[in-house]
Amino acid sequence: MGNEAIARGAWEAGVRVVTGYPGTPSSEVIMTFHEEGRGLPIYVEWAVNERVAFEIAYGAAIGGVRALVTMKAPGLNVASDPVLSAAYSGVEGGLVILVADDPGPHTTQTEQDSRWYAKLSKLPMFTASTPQEAKDTVKRLFRVSEELKLPVIFRTTTRLNHAVGDVVLGEVEERDARPSFKKDPPRFVRAGMKWNLERHAWLNGVLRRVEEVASSLGFNKVEGSGEYCVVTEGVAYNYVYEALRGLGEARVKVLRVDQLYPVPSKFLAENLSSCRRVIVVEELDPYLEAEVKKLAYEERLGAEVMGKEEGLLPLEGELNPSLVKGALYRWLGVPQGQESTPAADVRLPERPPPLCPGCPHAFSYIALKLGIARAGYKLSEVPVFGDIGCYALSVNRPIEAIWTEHSMGASISMAMGLKVAGYDKPVVATIGDSTFFHAGIPSLIEAVHKRVDMLVLILDNRVVAMTGHQSTPSWEVTESGRQARGIDIVEVVKSIGVDEVAVVDPYDFNKMVETVASMIKRPGVKVLVAQHPCRLMEVRQLKTVKKYRVIEDKCTGCRACVNVTGCPALYIEDGKAKIVEDDCTGCGLCARFCPYKAIVEVGGA
Amino acid sequence: MFNILISSVGGQGGLTLSRIMAVAAVRQGLSARTGETLGMAQRFGSVLSFVRVGEDVQSPIFGPGEADYIIGLELFETVRATRYLRDTGVVFAADEYKPPVSASLSPKPAWGRENVLRSLRETLGEKLLVVPARDLALRAGSARAINVVMLGVFNAHARLFADDVVYEAIKSVLPGRAGEVSVKAYELGKAFYAERAKSA
Ligand code: SF4
Ligand code: SF4
C-alpha cells in the first residue's frame, strides 16, 4: 500500500521521529510503523492534534534528526500556523510533512487542494504517482529538505495512499541520530521583525534553488515527443499513461511534474517550447494549469494551454481512467471507439455507512432524543451540534440526530454561538473523546468562561474509531508499547470548572435518558460523558458474544426495531424482522423497542 | 491485463481478498495494483476494491464497463457493481444477503433476496455464477472465509494464479488459524467450480 511504502521509505532514510494525527487516507503510515516497526530506535506516536504533531516533528528536525509528520488535508489547516513560521526558521535534519488530499471526496468534509498551502507557506512541495515512487520520493525528500534546510511537503491523494502495488525495498541508511541544537535567535525567534524580513529574503533565495536540487535527484520526467503535450502529476499520470498506451499514438509528449512548488519552470519551459497544444491533467483545482498558463505567457511559448478551466475535465470530484481517456481523445480529436457496454444500471437502495451494530453512539443519540422529548421539548427546536468522528454517521436515517458537522471541535463553539446570539431553547453539542482532546478543550473553556447555557455530550468510546482504532490520550500504553500517562477526560472537564458533570454508560439506557432530561433543563454548562468502549473493540476482547434473535411468531413486522435503531444487523424480509447473526453484537438495543417482545437473547427465554 | 472488481459490504473481507490477490500476483511474477477506499466505508457501507493484474499495470482503478471479472461478496452490492462489467465479463456472486438499512426503513420493501437474485439473473444471464459461499465457508470452518471461497471459484475459472502461490499469499496475509481455514475454503471454492463445470 502507498502508505506502507511511505513508512518504509522514511525508515530507509533513517527517520527518528514520526508523529501525526489519524486521518483517512493518511493513517496507515504510522500504523505501519506500529505494526512492523516494533523495536526500531524510532519515536512513533500519535499526537493530540496535527498542530502539536507538527511542532514535535519540527522540534526534532531543528535538532538535526530526520522527522516525518502525517495528516489528512484538513489536518494541515490545523497545523498551518506553525508550518508557516517554520518556513522562515527552517530545519537542520530533514523534515517531511505528509499531507493526503482526498479527491472524491471519499472520507473528507471538503475536496481541499493542499497544493495551495505550498504557495501560501512558501514550502517546497512534491508528489509521486505509484507506491514504489512514494517510497523513493519520501527518501529523497529528506535529502531535499536537508539540502535546502527547509521542511518539505509531500502531497498525496487517496489513490496513491491506498493503492497497493509491488515495491522494491532499499537499504536502511545508517545515520548519527544524536540531536544537537545551537542557539541562534535571529533564525528561531520570530519576535524580531527585522530578523523576519531577513529570513523572508533567505527563504525566497532558497526557493530559487529548489528546481536544481530536485532535478539532481531525478524528479520530474518527460516521455515521448511531439507537438501535443500533456502536463500531469501524481495519480493522474497513471491515467494519462494508460490512455495513451491504449491509443498507441506517438505524437504526444508527457511531462510529469513531481515538484509541485515551486513549479520546475526551467523543465517546463524547455520541454514545452516545441509544443503547439498543451493539456493539463491533474486532480482537484486547476493549480498546475494556472502555473503553466502563466509560464506560457512569461516565456512566450505560443502554445494553447487547456485543462479544467476550459471544461475538458471536471472541477469537482475525483478523476478516473475513463474521464481522462475521454478528455485526451477529445483534445486529440480522435474517435473514442466503441466503449464496452456496461450491464444495465439498476436502482438500488443506498448503503451509506451506518453506526455499527451495538455502537454506544447509537445508544447515546437515541437516548439524547428521548431525553429531549422527556424534558418537554420538541426535537425540532433543540439543535444538536455534531463533530468529526464516527458519531457523525448518526446523521443518516433513521437516527438523524446531528444538525451540523464542520471541523474538529466546532460543535461546542458553534452551539455557544447560537446561544449567545439569543437562541431561547436549549442547545446541545456532541463531541467524541479524541475530538475533545484534539480541539474541544479550548471551546469548552470558552463556553464555561462566558457562562453559556448548554449541554455538552462527550461520546467517550476510548479510541479514535473512525480511522481504524488509534490511541487517544486516555491510553496507558500506546500502540508502540510506550508507557503513557492516561489522561482522565472527566478530570479535565471538571478542572475547567463546568457547572455539572455526569458520567453514564449509555448501555444503561434508561439512566442515560433520565440524565439528559434532567440536565438539559438546568442553567450553565453541563457535561454528560457517555462512557462505553467502541463495540467493535469491546467485542474483540469478549470471550463470548451474546446474540439476539427474532421469535417469528411474535414479530408483527411493525419495523419499530429498525426504525429506531437503524442497526445494520437487522433487516425486514417477508414482513418479519431478521437478524444477521454474524453481525449482531448482542447489545440488546433493538429488543428494548420491540412492542411485542419478539426479540430475545439467543439461548435466553 | 485483467481488471477485477470486488464488491462487498464493509467488514466482509473484500479488502483482505484484494490484498491476497495482489500478493499472489506479485509472487507469480506479475505486476499488480489495487485501489480502494477505506475509512468510513470500512464497516457496513458499500466497498469497491479494484484489482488489476498483468504485465504493465499503472493505474490502481478502472472505470465503468471495464471489469473482466466481478467478485460479489453480497447480493445487493453485486447488483450495484454490475455497471462496471465489460460485455465479455463474468460475475461470481456469493449468495450472502445483507440488505442496507435504507431498504428496511422503506415501508414498501420492493427488494427481497429472491428479487435481488432475479434481477441479477435477468441482467447477466450466462455471465453469472451464484455460489453457496456461506455453506462452503462454514464447512471450511468459519463464515468469515466467504471471501476466500470466492477466490477459489474465481481462480478455478480464470486460472490466473498457481495454487501454491495462492496458499502462500493467503498465509502471508492471514497468519495462523485464519490462514488454515482460508486454504480449506479456497479448495472448497475450487471444487464447487469444478463440479459446476462438470455438470454444465
Ligand atoms: S442486539 Fe439488536 S441492535 Fe444490538 S447488535 Fe444485535 S441486532 Fe443490532
Ligand atoms: S419491533 Fe418487534 S414486532 Fe416490530 S418488526 Fe421488530 S421484531 Fe418485529
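None of the figures in this text is laboratory data; all of them are computed from the coordinates on show. What you see is a predicted model; the values in this text were computed from it and never measured. Please note: Cβ atoms are built from the backbone with ideal geometry, for glycine as well, and neighbour counts cover all protein chains shown.
Points worth noting:
- Prolate/oblate/rounded label for region A:458-556 (Cα gyration tensor, a/c 1.5): oblate
- Karplus-derived HN-Hα couplings along region B:30-36 (A = 6.51, B = -1.76, C = 1.60, θ = phi - 60°), whole Hz, x at Gly and Pro: 9, 9, 9, 9, 10, x, 6
- With the alpha-carbon atoms of region A:360-540 aligned to their principal axes, the span from lowest to highest coordinate is 49, 35, 28 Å, starting with the largest.
- Per-residue packing, averaged as other Cβ atoms within 10 Å, sorts the ranges A:301-312, A:517-528 into the order A:517-528, A:301-312, beginning with the highest.
- Backbone phi angles across region A:414-419, fed through the Karplus curve with coefficients 6.51, -1.76 and 1.60 (θ = phi - 60°), yield HN-Hα couplings of 5, 4, 4, x, 5, 5 Hz in residue order; Gly and Pro are listed as x.
- The share of C-alpha pairs in region A:217-332 whose separation exceeds 25 Å stands at 12 percent.
- Crossing angle, helix B:113-124 versus chain B [Cα axis fit, 0-90 degrees, rounded to tens]: 60
- Rounded if a/c under 1.5, otherwise prolate or oblate - chain B, Cα gyration tensor axes: rounded
- Mean residue ellipticity (222 nm) of chain A, computed from DSSP H runs ≥ 4 via -39,500 (n - 2.57), nearest 500: -10500 deg cm²/dmol
- If you wrap the tightest convex hull around every Cα atom of region A:156-223 and split its volume per residue, you get 220 Å³.
- Taking region A:2-180 as the region of interest, the number of lysine pairs whose Cα atoms are within less than 21 Å, with members eight or more places apart or on different chains, is 7.
- Nearest-0.05 FRET efficiency for B:R196 and B:R83, computed from C-beta distance (R0 35 Å): 0.85
- Placing +1 on the Cβ of every Lys and Arg and -1 on the Cβ of every Asp and Glu, with nothing else charged, gives region A:156-232 a dipole about its Cα centre of roughly 760 debye.
- Of B:I20, B:I61, B:I71, the one that fluctuates the most in a GNM where chain B has Cα springs shorter than 10 Å: B:I61
- Ordered by the count of other Cβ atoms within 10 Å of each Cβ, fewest first, A:H361, A:H532 give A:H532, A:H361.
- GluC sites (Glu not before Pro) restricted to DSSP loop in region A:504-570 with at most 12 other C-beta within 10 Å: A:E552
- Rg/Rh ratio calculated on Cα atoms of region A:85-214 (Kirkwood radius): 1.02
- Cα Rg over Rh - chain A, Kirkwood: 1.02
- Computed on the Cα atoms alone, the convex hull of region A:2-180 gives a volume of 99 cubic angstrom per residue.
- Interchain or long-range residues, amide H under 5 Å from A:G557's placed H: A:A577
- Close amide H contacts of B:V131 (hydrogens built in the peptide plane, cut-off under 5 Å, sequence separation of 5 or more or a different chain): B:A93, B:A94, B:D95.
- In terms of its alpha-carbon gyration tensor, region B:142-200 comes out oblate; a/c meets the 1.5 threshold, while b/c is at least as large as a/b.
- Sorted by Cβ density within 10 Å, fewest first, the residues A:I458, A:I487: A:I487, A:I458
- Two-decimal Rg to Rh for region A:543-602 - Kirkwood Rh, Cα set: 0.92
- Karplus (6.51, -1.76, 1.60) ³J(HN,Hα), θ = phi - 60°, over region A:372-388, in Hz, Gly and Pro reported as x: 4, 5, 5, 6, x, 9, 7, 4, 6, 10, 10, x, 10, 7, x, 9, 8
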